[in-house]
Amino acid sequence: TQLLEQSPQFLSIQEGENLTVYCNSSSVFSSLQWYRQEPGEGPVLLVTVVTGGEVKKLKRLTFQFGDARKDSSLHITAAQPGDTGLYLCAGGSSGYSTLTFGKGTMLLVSP
Amino acid sequence: DAGVTQSPTHLIKTRGQHVTLRCSPISGHKSVSWYQQVLGQGPQFIFQYYEKEERGRGNFPDRFSARQFPNYSSELNVNALLLGDSALYLCASSLAHPSREKLFFGSGTQLSVL
């Protein structure tokens, strides 16, 4: 069974602060996806990383895939209240028909 | 273009009843996946269908079943409902293989079992 552990589970910060959330596993994944989910909505894909060591930037968000493709991080610079939501990482493996999701990090950014 | 649509949006059932949830994928998408998300947890995989065939099944009891129709829409059926089945049920569609393709999620069906 492939498991993804996310940390921290909950993060409450002030607007303008920086933060990093982590996604770790003992398994190797062929791809790693990050989603953001708002209350009452389904998850929305932010980014997909597929190469070990890969770094992708999406405005103030920076995503990194570990060299061994077992872990990933999401760094947000100068967080804004609009960044509030549940951040989920999900791993994909060739040969599997699905994604394995972590439990998520709930981020609350206060004005 | 319409996104993934799910119906109903909310549902209240009592223990022992059965429920049918429906999903229409994005036009052109041939794969549909179903996930269960309990409050405070990440989505947990239930089923995946591609080209009307079951391609994957998660660790859920036989009370859970699904099917995909020729138009690629899908239904998730749950029999003999238990209190623990209360959750947000998410449908996601993709062009093909979910682990390699971008998944598009619907807003989900919130099921409450009393």
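Brief remarks on what is shown
Residue-wise test of (1) under 23 Å from B:Phe104 (Cα atoms); (2) over 14 Å from the mean Cα position of the chain (by Cα).
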site	(1), (2)
A:Glu15	no, yes
A:Glu41	yes, yes
A:Gly53	no, yes
A:Ala78	no, yes
A:Gly85	yes, no
A:Leu88	yes, no
A:Gly92	yes, no
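- Of all residues in the range B:33-62, those being touching a residue at least 40 places away in the same chain (Cβ under 8 Å), over 10 Å from the mean Cα position of the chain (by Cα) and within 17 Å of B:Leu21 (Cα to Cα) number 3.
- Meets criteria (out of contact with any strand residue (DSSP E or B) (no Cβ under 6 Å at 6 or more places or on another chain), within 11 Å of chain B (Cβ to nearest Cβ) and more than 16 Å from A:Lys103 (Cβ to Cβ)) for A:Gly16: no
- Counted as qualifying within the range B:1-102 are the strands (runs of 3 or more DSSP E) with 3 or more residues that are surrounded by 16 or more Cβ atoms within 10 Å (Cβ to Cβ), more than 10 Å from chain A (Cβ to nearest Cβ) and of a type in the set (A, V, I, L, M, F, W, C), namely B:19-24.
- Residue within the range A:35-58 that is touching a residue at least 12 places away in the same chain (Cβ under 8 Å), out of contact with any Gly (no Cβ under 7 Å at 6 or more places or on another chain), of a type in the set (Val, Ile, Thr) and away from chain B (no Cβ under 14 Å) present: no
Quick note: the coordinates plus some simple rules give every number you see, no bench work behind them. Since the structure is predicted, the reported quantities are computational estimates derived from the model, not experimental observations. Neighbour counts run over all protein chains shown; Cβ positions are idealised from the backbone, glycine included.
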